[in-house]
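Since every read-out is calculated from the coordinates, none of them should be taken as a lab result. Note that the coordinates shown come from a computational prediction; the quantities given were computed from them, not determined experimentally. FYI the Cβ positions are ideal-geometry reconstructions off the backbone, even for glycines, and counts take in every protein chain you see.
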Amino acid sequence: MANITSTTELKNAIVALETEQRAKGVELKEQFSVAYKSVDPIDLIKETIKGGIISPGVIENIIVGGVGLASGYLTRKIFVGSSANLIKKLLGSALQLGATALVTQNAQTIKYVGQLLFNLYSSRKKSSTRK
């Protein structure tokens with residue numbers, strides 16, 4: 001900026017700087033809004049789904065992991081129940097870990113057996129309704 005020699009030039013320079021400051025403030029707010037939306041967890045999930053980044057393999061792995069955790073949890077609840085025995089709780093935790101690992105490592109086999117049982121059940125149901 002050039003040297004200011006009069007009060008009129010000073011007032012004009014102040015007005016120009018205030019206008020520039022307001023414009024930069026609006027731009028900064030817009031940039032903050034864009035940055036906030038880019039790190040918002042819900043928007044991240046939406047963009048991931050829209051972008052097709054989640055492949056069927058990833059979804060299947062998430063489902064298998066969830067089923068493994070649920071089966072381990074249920075196994076522990078069945079074994080331990082509401083017992084206050086520390087040994088029983090420790091054994092229940094070990095059993096939970098083992099059941100979770102077993103289900104997640106043998107997911108394809110469990111899926112295949114489940115499909116066979118479902119097909120067997122549905123074929124029996126169809127044959128009983130035909131009689």
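Compute the length gained on full extension between N61 and L120: take 0.36 nm times their separation in residues and subtract their Cα-Cα distance, giving the result in nm to one decimal.
Contour length minus Cα-Cα distance gives 18.6 nm.
Would segment 56-130 count as rounded, prolate or oblate if I go by the C-alpha gyration tensor, calling it rounded below 1.5 in a/c and otherwise prolate when a/b exceeds b/c, oblate otherwise?
oblate
At a 10 angstrom cut-off on C-beta neighbours, averaged per residue, how do the peptides 22-28, 101-107 rank from highest to lowest?
Output ranking for 22-28, 101-107: 101-107, 22-28.
Out of these labelled values of log10 I(q)/I(0) by the Debye sum over Cα atoms at q = 0.12, 0.15, 0.17 Å⁻¹, (1) -0.82, -0.97, -1.01; (2) -0.54, -0.80, -0.97; (3) -0.45, -0.71, -0.90, which was calculated from the coordinates shown here?
(1)
Per DSSP helix of 4 or more residues, -39500 (n - 2.57); summed, then divided by the residues of the chain. What does that give at 222 nm, rounded to the nearest 500?
-30000 deg cm²/dmol
Provide the FRET efficiency to the nearest 0.05 for the T5-S38 pair, computing r from the beta carbons and using R0 = 41 Å.
Step by step, r from the Cβ atoms, then E = 0.30.
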